[in-house]
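Trainee: My structure is below; once you've seen it, I'll send some questions.
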Amino acid sequence: MQSLNSGVLRTVDVARRAGCSVQQVRNLERAGVLPPADRTPAGYRVHTEVHLHSALAYRALAAGAGPAEAKQIVRAFHRPPRAEALALLDAAHARLDAERARLRLAREAAGAIAGEPIGEVRASDAMGVSELAAALGVRPSALRHWDAEGLVVPDRDPVRGTRRYTPAQVRDARIVHQLRLAGHRIGPLRTLLPELRGARGPVEVTAALAARDEGLTARSLALLEGAAALGALLACARAGG
């Protein structure tokens, strides 16, 4: 077997430099993420820099976009024309950008409800539509609209069918009211409210948002590394004709 300087790599060489196992290299070749390797007369796989950069790209993209999407992107880079492959990579970046936009919205929402007792409810807070509307300073029709949109869905009186807001639902209505005053639209609130509802207080909300921010940063860096490996893969393909 030739040395690494010759441009020929063993399976174990690709595995070590890509930071994965020998079996994973074989699995990636079987899945088409790595192109088929040539074989020596003795049957050993002969890899090149193309295989290494493919494995590196997959590893990085899997961390940034998920294993299934990473496989799809790298496979697409093995076949011309590469417009489809570039579109897949652009879509991965766009989804991450959309998540960042939602995170910014969540941060703004957390600031808007900083004074609301997110994790505190009192039995005395149970109210009917008119009572809650008066307490919030909104029209009863606003509460009915939030109900229809799935934002704050109250219980129903089993006999009369009238709306009755439990203490937790009153809290949710107060949060929605604050977010609406801050300019948040109904659609984004459908995504935000379950996250805010699950938090037990402002400190927990802040911690959860900070953790998500760190996760997005790590995924962005992974996509950047994956793009660099894909660029090297294309360079190898051009050099090989």
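The values are calculated or read from the model by the stated rules, or taken from the named source; none is laboratory data. Fair warning: this is a prediction, and the values are worked out from it, not measured in the lab. Positions of Cβ are backbone-derived with ideal geometry, glycine not excepted, and every protein chain shown enters the neighbour counts. Heavy atoms of the whole protein, side chains included, go into the accessibility calculation; ligands, DNA and RNA do not. Shrake-Rupley method; radii C 1.70, N 1.55, O 1.52, S 1.80 Å.
Trainee: Quick one: would you say V152 is open to solvent by 70 Å² or more (accessible area, probe 1.4 Å) and not small (G, A, S)?
Mentor: Details: open to solvent by 70 Å² or more (accessible area, probe 1.4 Å): no; not small (G, A, S): yes.
So V152 does not fit the description; no.
Trainee: Moving on. Identify the single condition in (1) assigned to a helix (DSSP H, G or I); (2) touching a residue at least 24 places away in the same chain (Cβ under 8 Å); (3) surrounded by fewer than 14 Cβ atoms within 10 Å (Cβ to Cβ) that D172 does not satisfy, given that it satisfies every other one.
Mentor: For D172, the exception is condition (3).
Trainee: Residues of region 37-61 being touching an Asp or Glu at 6+ places or on another chain (Cβ under 8 Å) and over 16 Å from V12 (Cβ atoms), which ones?
Mentor: A60, L61
Trainee: Give region 29-49 a look and list any residue that's assigned to a helix (DSSP H, G or I) and under 29 Å from the mean Cα position of the chain (by Cα), or say none. Spell out how you get there, then give the answer.
Mentor: Step one: of region 29-49, the residues assigned to a helix (DSSP H, G or I) are 29-30, 49.
Residues satisfying the conditions are E29, R30.
Trainee: Quick check: is even one residue across region 220-239 hydrophobic (A, V, I, L, M, F, W, C), assigned to a helix (DSSP H, G or I), in contact with an Asp or Glu (Cβ under 6 Å, 6 or more places away or on another chain) and more than 30 Å from D90 (Cβ to Cβ)? Outline the logic, then answer.
Mentor: Just the residues of region 220-239 that are hydrophobic (A, V, I, L, M, F, W, C), to begin with: 221-224, 227-230, 232-237, 239.
Those still in the list that are assigned to a helix (DSSP H, G or I) too: 221-224, 227-230, 232-237, 239.
If we keep only those that are in contact with an Asp or Glu (Cβ under 6 Å, 6 or more places away or on another chain) as well, we get 236.
Narrowing further to those that are more than 30 Å from D90 (Cβ to Cβ): none.
No - not one qualifying residue is present in region 220-239.
Trainee: I need the full set of residues from region 199-219 which are exposed (fewer than 12 other Cβ atoms within 10 Å of the Cβ), at pLDDT below 80 and part of a helix (DSSP H, G or I), in order please.
Mentor: V203
Trainee: Of the residues R39, R16, which is more than 22 Å from R238 (Cα to Cα), open to solvent by 70 Å² or more (accessible area, probe 1.4 Å) and in contact with a strand residue (DSSP E or B) (Cβ under 7 Å, 6 or more places away or on another chain)? Lay out the reasoning, then the answer.
Mentor: Working: R16 fails: in contact with a strand residue (DSSP E or B) (Cβ under 7 Å, 6 or more places away or on another chain).
R39 is the lone residue from the list that is more than 22 Å from R238 (Cα to Cα), open to solvent by 70 Å² or more (accessible area, probe 1.4 Å) and in contact with a strand residue (DSSP E or B) (Cβ under 7 Å, 6 or more places away or on another chain).
Trainee: I need the full set of residues from region 60-82 which are open to solvent by 30 Å² or more (accessible area, probe 1.4 Å), in a helix (DSSP H, G or I) and without any contact (Cβ under 8 Å) to a residue 60 or more places away in the chain, in order please.
Mentor: P67, A68, E69, K71, Q72, R75
Trainee: Here is a further query. Could you count how many residues in region 103-141 are modelled with pLDDT of 70 or more and surrounded by fewer than 17 Cβ atoms within 10 Å (Cβ to Cβ)?
Mentor: Matching residues across region 103-141 total 14.
Trainee: Inside region 155-166, can you point out the residues that are closer than 20 Å to R190 by Cα, surrounded by 14 or more Cβ atoms within 10 Å (Cβ to Cβ) and not polar (S, T, N, Q)? Full working, then the answer.
Mentor: Going through region 155-166, the residues closer than 20 Å to R190 by Cα turn out to be 155, 165-166.
Adding the requirement that they be surrounded by 14 or more Cβ atoms within 10 Å (Cβ to Cβ) leaves 165-166.
Of everything in region 155-166, just one residue is closer than 20 Å to R190 by Cα, surrounded by 14 or more Cβ atoms within 10 Å (Cβ to Cβ) and not polar (S, T, N, Q), namely Y165.
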